Amino acid sequence: MQIYLPIAEVSVNAFLLLGLGGLVGILSGMFGVGGGFLMTPLLFFIGIPPAVAVATEANQIVASSFSGVLAHVKRKTVDFKMGLVLLVGGLAGAAVGVQVFKILKAMGQVELLVTLCYVVFLGIIGSLMFAESLRSIRRAGKPGARPAPRRQHNWVHGLPFKMKFRTSGLYISVIPPVLVGVLVGVLAAIMGVGGGFIMVPAMIYLLGMPTKVVIGTSLFQIIFVTGFTTLMHATTNYTVDMALAVLLLIGGVIGAQIGTRIGVKMKAEQLRILLAILVLVVCGKLALDLLLQPGELYSLGAGGH
Amino acid sequence: MLRLLIAFLVLANPAFAAEKVVAGLSQHLVSITANFDGTGIMIFGAVKREAPAPDAGPLQVIIAVAGPSSPVTVRRKARAYGIWVNTDSVHVDAAPSFYAVATTAPFAEVLSQVDDLKYRISIGNMIRNVGEAKEGLEATDFSDAVIRVRRNNGLYSENFGNVRLIDDTLFNTQIALPSNLTEGDYQARIFLTRDQKVVDEFVTTIAVRKVGMERWIYNLAHERPLVYGILSLVIAIFAGWSASAIFRVLRLN
């Protein structure tokens, strides 16, 4: 069944969108990630204009993270205070990101920027995750070996403006969480992702937050940052496609619930190495698009000087 | 002398030509609904004669349908720092969003270059004012690219020989409108030619409009963007909440 998307102005198969939403939803449920970093490139591949894909995906992430955070609120694994500090940075970052997006859209370089961001971030995160899970699988093979102890004190603890975060059991400066928030906000606006894949490692390794509150807190922050990004894209670029978002999120929320059940049955290391491979495959495909000569060198954009 | 002048006027001005074209469309309104998947428009008509057919070359019919024109920025990629990046761009003042041309015979047999320039019928002549090319850039490369890209997207098409002409009087053709159609007033032009010269012209419009849900969403997004954004968020949050609520109920059972 073909459906004409009113904002993207293309006609696509509704079942393809539901299927993509479901597939990415299953993966995001299995791995505990937002899935935006997979969905946005997939939308590019099926011919949705990049500007519409990025803005609409932000809207869809609001739905999936809201669905996810409810369970965490119930289990009291959300550090609201830390979430708010991250959010302050996140909103500032998103505002900057949307403006950068607008300027580059006018210059015709939006596609390049988005693709470059994807290649760089997916490449880094994918390789780190791959190396890490290989190490832990090898470690698991050797009896008696223990995971390396996490460093409790680093340069982060020397900064001013300290604040107490009771849920996380931390007394640290607000500067690093705000900066993490800004970075994630910019990425959310430019890449159409929640930024969980950057925020989660940063919270664990940089801020030293306990793992159990990390996912809930990042989801809490993501809802607001992507919500804000959606509003900004809707008002400055008119690129949020409601019909596209609804189809994706129907598939996505159902898929996520199924994925969570599959995820419980698999080992953490196996999950992580699978996710790492997936991330690297997407990264590789996007990198090839940049490196190989495209079939059509010319592209058309709306005119206007 | 007067008779000669009248004869001259009649011959020179297509409006007074002995052969006139009247035409109709199978639909004057194309509605883009949520499940719009392209459509076809039947264009048909007849040649009206007050006198017997003139003793000239064979009668030919050209049918051209053009979408609304808008400026286009054409960008070209080149290799920079090892990757392919948009480097050069040329501004095209007006290019139709859709263009289909159908004829009774190969284009060169139907129309002379002079009349093609005068009436802007072939695809190449529809794209205007390719300018502002920087030095060293070939502007025609960019206008050719517009035609090529849109042709690959099914937006520009040429169907020479696709117009059926019966007894030099009745004609019809089918113009396919693809699924990636944009809104606007589409202009359908029907030309009669003899000896590659235009004898008469008939113009009519086809309105292409988003309707229903599509119209509502599009208008809301452009006229009340803030309301639209908030509504998108409400839908998202409701969907997220209901999914987790539904699955919680399922888990309990």
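What average number of partner chain Cβ atoms lie no more than 10 Å from the Cβ of the residues making up B:204-213?
On the way: counts 0, 0, 0, 0, 0, 0, 3, 0, 0, 4.
That works out to 1 on average.
Under the Kirkwood approximation applied to all pairs of distinct alpha-carbon atoms, what is the hydrodynamic radius of segment B:139-253 in Å? Show your work: numbers first, answer last.
Numbers: mean 1/r = 0.0502 Å⁻¹.
Final number for the Kirkwood radius of segment B:139-253 is 19.9 Å.
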| message | For segment A:1-88, I need the span (max minus min coordinate) of the C-alpha atoms along each principal axis, in Å, sorted largest to smallest. | response | 43, 27, 18
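Taking 10 °C and 1.306 mPa s as the conditions, I'd like the Stokes-Einstein D for segment A:42-129 in µm²/s, using the Kirkwood hydrodynamic radius from alpha carbon pairs. Walk me through the intermediate numbers first.
Working: Rh = 15.5 Å.
Stokes-Einstein gives a translational diffusion coefficient of 103 µm²/s.
Per 0.36 nm of contour for each residue apart, how much would the distance between A:Ser127 and A:Lys265 grow if the chain were fully extended, relative to their Cα-Cα spacing?
Gain on stretching A:Ser127 to A:Lys265: 47.2 nm.
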| Tilt of helix A:50-74 relative to the longest C-alpha principal axis of chain A, in degrees (0 to 90, nearest 10)? | 30
| field | Dmax and Rg, reported as Rg then Dmax, of chain B (C-alpha, Å) | value | 24.9, 101
| Test item: B:25-37 mean partner chain Cβ contacts at 10 Å | 2
| query | Of B:Leu117, B:Leu220, B:Leu177, which is the most mobile in a GNM of chain B whose springs link Cα atoms less than 10 angstrom apart? | reply | B:Leu220
| message | Of the candidates A:Asp289, A:Asp79, A:Asp241, which one comes out as most mobile in a Gaussian network treatment of chain A with C-alpha springs shorter than 10 Å? | response | A:Asp289
| task | Return the whole-Å distance between the Cα centroid of segment B:80-129 and the Cα centroid of segment B:194-217. | result | 18
| task | Would you please put B:41-48, B:233-240, B:222-229 in order of how densely packed they are, using the mean number of other Cβ atoms within 10 angstrom per residue and starting with the highest? | result | B:233-240, B:41-48, B:222-229
| Descending semi-axes in Å of segment A:186-305, equivalent ellipsoid built from Cα gyration tensor | 30, 21, 17
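Quick one: divide the alpha-carbon radius of gyration of segment B:211-253 by 2.2 N^0.38 Å and tell me what you get.
Numbers: Rg = 15.1 Å, N = 43, 2.2 N^0.38 = 9.2 Å.
Here the answer is 1.65, to two decimals.
Treating only the Cβ of Lys, Arg, Asp and Glu as charged (+1, +1, -1, -1), what charge dipole size does segment B:19-210 show about its Cα centre? Round to the nearest 20 debye. Write out the running numbers ahead of the final one.
Numbers: 20 positive and 22 negative charges, 125 e Å.
My answer is approximately 600 debye.
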| How long is the gain from B:Gln27 to B:Ala207 if the chain were fully straight, where each residue apart is worth 0.36 nm and the alpha carbon distance is subtracted? | 63.9 nm
| How much FRET efficiency would the formula 1/(1 + (r/R0)^6) give for B:Ala176 and A:Ile103, where r is the Cβ-Cβ distance and R0 is 35 Å, rounded to 0.05? | 0.35
| message | I need the P(r) histogram for the protein assembly as shown: all alpha carbon pairs, bin width 10 Å from 0 out to the longest distance, whole percents. | response | 3, 15, 22, 20, 14, 10, 7, 4, 2, 1, 0, 0
| Taking the radius of gyration and the Kirkwood hydrodynamic radius from Cα positions alone, what is the Rg/Rh ratio for segment B:52-189, to two decimal places? | 1.07
| field | Two-site FRET efficiency, A:Leu159 against A:Lys285, from Cβ-Cβ distance with R₀ of 41 Å, rounded to 0.05 | value | 0.55
| message | I'd like the projected area of chain A, averaged over all directions, using the convex hull of its alpha carbons. Report it in nm² with one decimal. | response | 17.3
| Using a Gaussian network for chain A with springs between C-alpha atoms less than 10 Å apart, which of these wobbles most: A:Lys76, A:Lys285, A:Lys265? | A:Lys265
| For chain B, what is the relative contact order in percent, using Cα pairs closer than 8 Å and at least 6 residues apart in sequence? | 27
| query | Quick one: of the DSSP bridges fully inside the protein assembly as shown, what percent are antiparallel, nearest 5? | reply | 90
| task | Return the calculated 222 nm mean residue ellipticity for the protein assembly as shown, to the nearest 500 deg cm²/dmol, obtained by summing -39500 (n - 2.57) across DSSP H runs with n ≥ 4 and dividing by the residue count. | result | -17000 deg cm²/dmol
| query | What does the average come to when, for each residue of peptide B:86-93, you count the partner chain Cβ atoms lying within 10 Å of its Cβ? | reply | 3
| query | So how do B:Val211, A:Val253, A:Val214 line up by other beta-carbon neighbours within 10 Å, fewest first? | reply | B:Val211, A:Val214, A:Val253
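Here, each number is a calculation from the coordinates, and none is a lab measurement. Source: prediction; values computed, not measured. Every residue, glycine among them, receives a Cβ derived from its backbone with ideal geometry; neighbour counts consider all protein chains shown.
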